[in-house]
Amino acid sequence: MSEKRKPKRKPVVIAGRSKNSAADSHRQNDCPARYDSPCRLENIALDTAIYAISFADIGGRVTYVNRAFLDLFGFEDKQEVLGRPTYEFFASKDFWVETRKRLLSEGKWVGETEIKRKDGSFVCTRVSSNLVKDETGHSLCTMASFIDITETRRTIEALRKSEHNFKMLFYGAAEGIIAADVKTKKFKIVNTAACKMLGYTEQELVRLSVADIHPKDFHKKISGYFGGMVRGRRMFAGNCPCLRKDGSIIYVDIHAEKILIDSEEYLVGFFVDITDRLRTEEELRNARDELEVRVQRRTEQLARANEDLRKEIAERKRAEKARAEVEKRFEDIFENALVGIYRTTSEGQILMANPALVKMLGYSSFEDLSRRNLEKTGFEPSYSRSVFKKTVERKGYITGLESVWLRHDGARITVRESSIAVRNEKGKVVYYEGTVENITERKKAEEKLLAYQKQLRSLALELALSEERMRRQMATDVHDNMGQNLAIIKIKMDSFRKTITEASVRRNVDEISSLLAETIERTRTLTFELSPPVLYELGFEAAVEWMVRHISKRDNLLYEFKDDRKPKPLEDNVKILLFQSVRELLVNIAKHSHAGKVMVAINRKDEEIQVHVADDGVGFDVLKVRDYERKSSGFGLFSVNERISSIGGRFEIESKPGGGTKVLLSAPLKKETRHS
């Protein structure tokens, strides 16, 4: 049985009339649908579709558009569109020509482009166009659909700018910031300040976790802090030890907040390095203890100095109490107050400020503050606003800038400021955004600390000079009184011995005479150890050379002494302090270094004297010098440094375990008076 042949379906065209009837008639024979065709339902679907759809003949003239097309392009009636060339609806005719070539050759083109509306405005769309062919492969027409993506593009651009601004604030912050997963405690995001603080690169730090940046003996405590913060408790972790990449320890204060990142909970910690502050406090405590011990040792010999010292101690305690009160106020502000945040125009008009900044500048409300122009009334006159603007507009940001601002009542406050320049799509600066931290109280505390250190150096210098005067007086007494008396006794004993005939008595006298000779020699040695006369009679270089020979012989050391023989005139106090310092270094070498050889060199360089002291001993960790000093006697390296600094000199030390020790002492030479 033969199959019945289905009747051929007549070609149909999309409904719509062209302004040119002849061309329109031709296109109706080539287009795929007509209202009077069996595809009427499909035609209705096209006309009511939500996407803009158009058909065009092979020559590129519009034969059909739907309602969505008219709405998108801003037309009221189809007759305004039909018969027009399609390139008129594109922003660029060259772009239309190129895409049409690809459509006719490849049969399809999809992409994004700008279309031109009736009112001349442009809209960004996503276009999908196809070449329509019949069953024989003959090209009939082209069809295109348009989707308006203008708002989508604007949303994406706004998100990009928002993310950029956040990154600038995040990576430009002066405090270290680390985000850690609340479950695994592994790091997710770190900023530049955190990497610098801990000594890692960003790639290295994000591979670590909370436990990796804290010493093992602190893991239990930091785990408790972390758990409490994750449970939502407002906690402050102070004086937390952190382990740097090189193994060294720093101390930080940590504030933390819980946030969502990519729908996951993270704990964001803000790290403030307080190592220098703690080190300064420790140095002050050590200095105080050392000073009190020295005062106790010299009470009987330095009655007048002791009285002055008690006054200095009382003054120091008052200063410490005042400093403690200042630090307490500063810590309260730091823990409880939020950082000020602002947004201003480049001309200084305030657009936005948080309550902390309003309070910081002494205003009752933001409305009162917004009426203020920072460039006109906000800064202390010496503040160079032009430098700030030039830097932030050239680099895009500025961090840690210290400047002086004026409050509403005219008072001056010192602040640390970080800011970024926000630009529009044309690159023009629209406004500045930044943070402000009030550091006025900390600046005052630092000034008081520097003043105290200056007083401490002055007192240490006076103690050292007083000690040397006492040593010299004692050495003079021993030499002039005891030494001479013992010498006379020895002469008389030798004379008396000649008159003795009995052997047993002669032996006793010989023993007494031998003891006297030994005592006289010991008295001479004691005189030189207390205060060698050669220091005052022959000068500093000769005294140091004698001391090197004496200590090396006494402690069985090889030694090398060098002097460039250039004139080195020294003030008496400089000569005394340098000699004491060299003696202290040599005594420490003999007692603790286990060295086999010591080298001392004295040179003149320009207008200063330089003394190099080196040994081949066991060396030590310079960072643990305080422990080394507590085990040693005499000045201690810290005291040597303070005394050399008090006379305008330098103290440099280089050592490591197993690598020996090298020390440089330098001091200014005496200014010579030239006579014409």
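By per-residue mean of other Cβ atoms within 10 Å, what is the highest-first order of 505-511, 111-117, 598-604?
598-604, 111-117, 505-511
Mind listing the long-range amide H neighbours of D563? Cut-off is under 5 Å, sequence gap 5 or more, other chains count too, H placed in the peptide plane at 1.01 Å from N.
Counting only residues 5 or more places away or on other chains, the set is I602.
In debye to the nearest 20, how big a dipole does segment 157-273 give about its Cα centre with +1 on each Lys and Arg Cβ and -1 on each Asp and Glu Cβ?
Magnitude of the dipole: close to 320 debye.
Given the pairs K575/K662; K591/K656; K161/K185; K624/K662, which are separated by over 24 angstrom at their Cα positions?
Pairs exceeding 24 Å: K161/K185.
Counting other beta carbons within 10 Å of each Cβ, put V81, V230 in order, fewest first.
Ordered from fewest to most neighbouring Cβ atoms within 10 Å, V81, V230 come out as V230, V81.
If amide hydrogens are placed 1.01 Å from N in the peptide plane, which non-local residues have theirs closer than 5 Å to the one on T661?
Under 5 Å from the amide H of T661: D615, G617.
Determine the alpha carbon to alpha carbon distance for each of K245/K444; K605/K670; K108/K133; K118/K426; K321/K359; K93/K118 and list only those over 22 Å.
Check vs 22 Å cut-off fails for K245/K444; K118/K426; K321/K359.
From the phi angles alone, apply the Karplus equation (6.51, -1.76, 1.60; θ = phi - 60°) to segment 131-148 and give each ³J(HN,Hα) in whole Hz, x where the residue is Gly or Pro.
So the J values, rounded to whole Hz, are 8, 8, 10, 8, 5, 8, x, 6, 6, 9, 6, 10, 10, 9, 10, 10, 10, 6.
Can you list the lysines whose alpha carbon sits under 18 Å from that of K389, skipping same-chain ones fewer than 8 residues off?
Within the straight-line limit of under 18 Å, K389 reaches these lysines: K376, K428.
Residues with amide H under 5 Å of V132's amide H, sequence separation 5 or more or different chain, H placed in the peptide plane at 1.01 Å from N; which?
Correct list: L140, C141, T142, M143.
Given N residues in segment 337-438, what is its alpha carbon radius of gyration divided by 2.2 N^0.38 Å?
After normalising by residue count via 2.2 N^0.38 Å, the value is 1.01.
If you rank D253, D148 by fewest surrounding Cβ atoms within 10 Å, what's the result?
Arranged by neighbour count, lowest to highest, D253, D148 become D148, D253.
Quick one: what are the phi-derived ³J(HN,Hα) couplings along segment 557-564, Karplus 6.51/-1.76/1.60 with θ = phi - 60°, whole Hz, x for glycine and proline?
10, 7, 9, 9, 10, 10, 9, 6
Mind checking which of M352, T391, S419 is farthest towards the positive end of segment 337-438's charge dipole, using Cβ charges of +1 (Lys, Arg) and -1 (Asp, Glu) about the Cα centre?
Towards the positive end, the residue furthest out is T391.
For segment 35-146, what mean projected area does the convex hull of the alpha carbons give, in nm²?
The orientation-averaged projected area of the Cα hull of segment 35-146 comes to 7.1 nm².
Please turn the phi angles of segment 67-80 into ³J(HN,Hα) values with the Karplus equation 6.51 cos²θ - 1.76 cosθ + 1.60 (θ = phi - 60°), one per residue in order, whole Hz, x for glycine and proline.
Couplings: 5, 4, 5, 4, 5, 5, 8, x, 9, 9, 10, 5, 5, 6 Hz.
What's the exposure ranking of S263, S248, going from fewest to most Cβ atoms within 10 Å?
S263, S248
Coordinate-derived values only; no laboratory data. Just so you know, these numbers come straight off a predicted model, no measurement behind them. Cβ: placed from backbone, ideal geometry, glycine included. Neighbour counts: every protein chain shown.
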